[in-house]
Amino acid sequence: MNRKTATPLIALMLVLFSLPALAIFTEKLLPDPAQEARAQHRMREFRCLVCQNQAISESHADLARDMRVIVRERILAGDDDDAVRQYFVARYGDWVLLDPPLNSKTYILWGSGGLILLIGAVLIFFRMRKAPKVTAGHLSLSTTEKDDLERLMREQG
């Protein structure tokens, strides 16, 4: 392939590979910068229901995009921050919050890490108690083994 045919081909490839970049940001920002800042702050509080451990502000999932649009719509409609939060909690439960509150519904969520750690420590403790104790008597060689060892060392050295 010569230079005349390679240049247009490279240009065409660059154009084709850059087209997906146009589809990344299609959301309409709020006209008021203070409202947009509030919306961005709220978006960092809500969990993407598809990605699960990612805030909707960071997720590229379609559902997260829809949730971002709803946050902006609620703020544009005049909802305060608590009303926006309650809107999502009413529809998806406390699980939609990246930092869920401590209440009767979330005790398992908050306590599961410590509970798993405690269960692991108990299992290790009992496993160590049942393990055979190694003493010097277990490490000594029988007379036959000692003779074999001495014979092998003489042959080697």
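Annotations for the structure displayed:
- LEU97 long-range amide H proximity, modeled H, under 5 Å: ARG47
- Interchain or long-range residues, amide H under 5 Å from ALA55's placed H: CYS48
- When Rg/Rh (Cα atoms, Kirkwood Rh) is computed from the coordinates, the matching label among (i) 0.95; (ii) 1.44; (iii) 1.07 is (ii).
- Linear extension gain, THR106 paired with TYR87, 0.36 nm per residue minus alpha-carbon span: 5.0 nm
- Residues PHE88, PHE17, sorted so that the one with the fewest Cβ neighbours within 10 Å comes first: PHE17, PHE88
- Each Cα pair under 8 Å and six or more residues apart adds its sequence gap; the mean of these over the residue count of the chain is a relative contact order of 14 percent.
- Across region 104-119, computed HN-Hα scalar couplings (Karplus, 6.51 cos²θ - 1.76 cosθ + 1.60, θ = phi - 60°) run 4, 7, 10, 4, 5, 4, 6, x, 5, x, x, 5, 5, 4, 5, 4 Hz from first to last residue, x flagging Gly and Pro.
- Highest-fluctuation residue, VAL71, VAL96, VAL122 considered, GNM on the chain with Cα pairs under 10 Å: VAL122
Just so you know, all these numbers are worked out from the coordinates, no wet-lab data involved. The structure displayed is predicted, hence computed values, not measured ones. All Cβ positions, even for glycine, are placed from backbone atoms using ideal geometry, and neighbour counts span all protein chains on display.
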